[in-house]
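Each remark here refers to the structure printed beneath this line.
The values are calculated or read from the model by the stated rules, or taken from the named source; none is laboratory data. As the structure is a prediction and not an experimental result, all values here were calculated from the model. Glycine also receives a Cβ, built like all others from the backbone with ideal geometry; neighbour counts cover every protein chain displayed. These area figures cover heavy atoms from the full protein model, side chains too; ligands, DNA and RNA do not enter into them. Shrake-Rupley method; radii C 1.70, N 1.55, O 1.52, S 1.80 Å.
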Amino acid sequence: MAAEDVKWVRGLKRNLIVDRILHVLLRPFFTRFCRYSYTPYTPKSETFLLAANHTTDFDQFLECIAVRGYIRYVAADNIFRLGPVSKLILFLVHPIRKRKGADSHETIRAIQDNLRLGINVGIHVEGNKSFNGRTGFISPRTGQMIKDAAGGLITFRITGGYMQKPRWARFRRRGPTRGQVVHEYTRAELDAMTAEEINEILRRDLFVDACEMQRTAPEAYPGRALAESLETALYVCPHCGGLQTMKSSGSRFSCGSCGYAVEMDAFGFFHGRDLVFDNVRDWDAWQREKLRALVNEGQGADVLLHSGQLTVYALSDRKKCRIIRNGQMCLYADRLELTGDGKTLSLPVREISGMAVFLKTTLLITAADGRYQVTSKTPYAALAYFAAYRYLTGKEYV
């Protein structure tokens with residue numbers, strides 16, 4: 001057996017035992033904690049890839065509860081830099097590493113190797129939880145990866161997860177989540193499809209629009225401080241056009257420049273005088289175009305975005321090293337500058353090969369000279385930097 005195969009098979013029996021124990025322990029907890037209902041499913045394929053949408057921090061547990069059989073999940077590489085905790089995670093469940101904001105070639109190969117060895121794999125094909133409640137971008141490479149792999153494909157959709165804990169939110173709400181297998185595709189069916197046809201069934205089967213669902217079949221998700229930290233998702237005022245001027249307090253969301261204000265209710269909708277948008281989805285769609293225009297108009301000497309009180313780390317596969325404490329970040333048309341502690345790290349935009357947002361306010365950057373992580377204890381729109389970077393480099397913001 002090849003060395004790479006040994007890596008995935010070693011400890012598999014232990015992983016299977018841990019999986020069975022977790023099923024017994026976690027099923028009652030998550031069905032109650034998440035008010036989770038599901039339809040149990042027994043796969044027809046001996047080996048399968050489970051592809052799901054991504055709405056909560058617990059999606060993998062919600063999926064495993066519903067689908068019979070051991071599943072090895074793809075996980076963000078942040079969990080591999082937790083010291084002893086990472087070693088314990090690797091020992092117990094041995095996830096497949098995905099480096100956020102970096103090339104996914106190694107991850108694709110690992111997924112295909114596991115499926116070839118008869119090990120089921122789970123992946124959240126968006127790669128990120130949605131900030132606005134709509135299922136996000138699915139890489140076109142996903143369809144080709146599935147077509148080139150072994151085993152069948154199971155599509156699994158979770159609804160209610162965004163409303164229960166929006167990605168931008170500080171606190172959870174009380175309300176239901178539901179999970180179900182949408183369809184299982186056999187290897188013979190997948191072989192008969194093109195990569196784009198597989199991508200199309202993923203987009204169709206996994207699509208969720210939380211705002212539309214709340215309009216057609218409204219359900220209350222009550223909680224405290226319903227708008228808290230919303231400025232991490234919505235960063236342009238729809239009244240005055242101010243950039244990074246929005247602030248949240250409790251259920252109130254207002255502009256520090258012009259005073260425009262809205263209140264969020266338990267159904268996820270805004271209320272207020274001179275209301276421009278009554279939901280996060282439409283507000284976000286508008287601000288994307290506003291930010292695109294600002295980026296296109298920007299000049300090299302002009303600061304497009306600015307944030308303070310940030311901590312900057314240099315990343316390696318197994319650890320992170322703090323290089324700036326209480327720093328400043330400025331994005332220009334041609335560079336991203338990180339300053340603090342008497343240091344200045346200037347990253348030319350053309351040399352940044354990838355950028356991603358982790359959780360709400362963690363920005364992951366892959367540059368020519370290394371990988372960096374920017375974090376903050378106070379809310380700021382890391383999402384705005386990611387969107388602006390995409391526009392600056394000629395990529396569609398997704």
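Given R₀ = 30 Å, FRET efficiency for Gln309-Arg224 by Cβ-Cβ distance, to 0.05? Once the sixth-power term is evaluated, E becomes 0.75. Label-to-label distance for Arg32 and Glu106 is 4.1 nm, based on points extended 7 Å past Cα in the beta-carbon direction. In this structure, the amide hydrogen of Ser45, modeled 1.01 Å from its nitrogen in the peptide plane, lies closer than 5 angstrom to no residue at least 5 positions away or on a different chain.
Give, in whole angstrom and from largest to smallest, the semi-axes √(5λ) of the equivalent ellipsoid of the chain, with λ running over the eigenvalues of the Cα gyration tensor.
Details: eigenvalues 246, 141, 79 Å².
In descending order the semi-axes read 35, 27, 20 Å.
Using a 10 angstrom cutoff on alpha carbons, build the Gaussian network for the chain and name the most mobile of Gly133, Gly83, Gly241. Highest fluctuation among the options: Gly83.
In this Cβ point-charge picture (+1 for Lys and Arg, -1 for Asp and Glu), the range 1-91 has a dipole of about 340 debye about its Cα centre. Given their separation in residues at 0.36 nm each and the Cα-Cα distance between them, Leu90 and Asn326 gain 81.7 nm when the chain is fully extended. Set against the 2.2 N^0.38 Å expectation for a compact globular protein, the range 14-95 has a Cα radius of gyration ratio of 1.14.
Based on DSSP H runs of at least 4 residues, each adding -39500 (n - 2.57), what is the mean residue ellipticity at 222 nm of the chain after dividing by all its residues, to the nearest 500 deg cm²/dmol?
On the way: 12 runs with 122 residues, N = 398.
That comes out to -9000 deg cm²/dmol.
Full-extension gain between Thr393 and Val18, please, as 0.36 nm times their residue separation minus the C-alpha to C-alpha distance.
130.6 nm
Mind checking Rg over Rh on the range 234-380, alpha carbons, Kirkwood formula for Rh? Checking Rg against Rh, the ratio lands at 1.01.
Around Arg224, with a cut-off of 11 angstrom between Cβ atoms, what is the net charge of the other residues, counting Lys and Arg +1 and Asp and Glu -1?
Working: positive: Arg170, Arg172, Arg173, Arg174; negative: Glu228.
Surrounding charge for Arg224 is +3.
Summarising the amide proton neighbourhood of Thr177: residues at separation of 5 or more, or on other chains, whose placed amide H is nearer than 5 Å comprise Tyr36, Ser37.
Within the assembled protein chains, the solvent-accessible surface assigned to Glu196 is about 100 Å², based on a 1.4 Å probe. Segment Ser316..Arg141, full-extension length gain: 60.4 nm, with 0.36 nm per residue of separation and the alpha-carbon distance subtracted.
Overall, the range 64-189 carries a charge dipole of about 700 debye about its Cα centre when +1 sits on the Cβ of Lys and Arg and -1 on the Cβ of Asp and Glu, all other atoms neutral. Here the 3J(HN,Hα) profile of the range 70-81, calculated from phi with Karplus coefficients 6.51, -1.76 and 1.60 at θ = phi - 60°, is 6, 10, 9, 9, 7, 10, 4, 6, 4, 6, 8, 10 Hz, Gly and Pro shown as x. Residues considered: Thr339, Thr311, Thr194. Largest GNM mean-square fluctuation over the chain, using C-alpha springs under 10 Å, is found at Thr194. For the pair Val6 and Lys44, label points projected 7 Å from Cα toward Cβ lie 3.9 nm apart.
Over all other residues within a Cβ to Cβ distance under 12 Å of Asp148, the charged ones net out to +3, with Lys and Arg as +1 and Asp and Glu as -1. Straight-line cross-link partners of Lys377 among the lysines, defined as a Cα under 30 Å from its Cα and at least 8 positions apart when in the same chain: Lys87, Lys98, Lys100, Lys129, Lys165, Lys247, Lys290, Lys319, Lys320, Lys343, Lys360, Lys395. Computed over the range 1-53, the P(r) curve from all C-alpha pair distances, binned at 10 Å from the origin, holds 17, 35, 36, 11, 2 percent per bin. A Gaussian network model of the chain, with springs between Cα atoms under 10 Å, assigns the largest mean-square fluctuation among Thr361, Thr39, Thr159 to Thr39. Assuming a ≥ b ≥ c are the square roots of the Cα gyration tensor eigenvalues, decide whether the range 101-200 counts as rounded (a/c under 1.5), prolate (otherwise, with a/b larger than b/c) or oblate. Since a/c reaches 1.5 and a/b is larger than b/c, the shape of the range 101-200 is classed as prolate. Using only side-chain charges placed at the Cβ, +1 for Lys and Arg and -1 for Asp and Glu, the dipole size of the chain relative to its Cα centre rounds to 1580 debye.
Taking the chain, the Cys residues with no second Cys beta-carbon under 4.7 angstrom are Cys34, Cys64, Cys211, Cys321, Cys330. Distances between placed amide hydrogens fall under 5 Å for Tyr332 paired with Leu304, Glu337, all partners being 5 or more residues away or on another chain.
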